[in-house]
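To start, the structure itself, in structure tokens.
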Amino acid sequence: NNKRSSSGSSRQMNMNAAVCCLLILACCCNIATVSALSMSMGMSTKAAAAVGYGKTCVIAGATGYIGKAVVQESVRQGYRTIALVRDKARVMEEDEGKRLYGSYFQGAEVVQCDVENQDELVQLMSSIEGGVDNIISCLASASGLKQ
């Protein structure tokens, strides 16, 4: 039992470190915050598409309940949307992944990235052509463990 809670605490600390890493990247790269995304339901599709035109939005935790809706809204608002996922093949190639995420990720670029690996995150963010305008973290885990 102690082993399990210790492991859970360790995973939660890793998740907190990943969130901090994303925030540090946002600050160091002079990236705008989530407030740039307007989640207004009353906005017409044409008006929404103009909000993000020419801008790039990176979403961490894209496969979560909230994350997949944020990806869909980001695309709707015209952002070049990059959805960060743990396992791209599971999301894009397996039948279950296509069923769960297909409609939400339509129009988004799905990129595999371990958000707990600072070097991988920095390399990914640096390689995005045209830079990044927004980073949105939807990282969460009820148990603190990778699912």
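Within segment 98-125, being of a type in the set (D, E, K, R) and within 12 Å of the chain's Cα centre (by Cα) holds for Glu109, Asp114. Among the residues of segment 53-62, the ones that are open to solvent by less than 40 Å² (accessible area, probe 1.4 Å) and over 11 Å from the mean Cα position of the chain (by Cα) come to 1 in all.
Would you pick out the residues in segment 63-75 that are hydrophobic (A, V, I, L, M, F, W, C) and surrounded by 20 or more Cβ atoms within 10 Å (Cβ to Cβ)?
Scanning segment 63-75 gives Val70, Val71, Val75.
The values are calculated or read from the model by the stated rules, or taken from the named source; none is laboratory data. On a predicted model such as this, the values are computed, not experimentally measured, just so you know. So basically every Cβ, Gly included, is an ideal-geometry build from the backbone, and we count neighbours across all protein chains shown. Just so you know, the surface numbers come from the protein's heavy atoms only, side chains and all, with ligands and any DNA or RNA stripped out. Shrake-Rupley method; radii C 1.70, N 1.55, O 1.52, S 1.80 Å.
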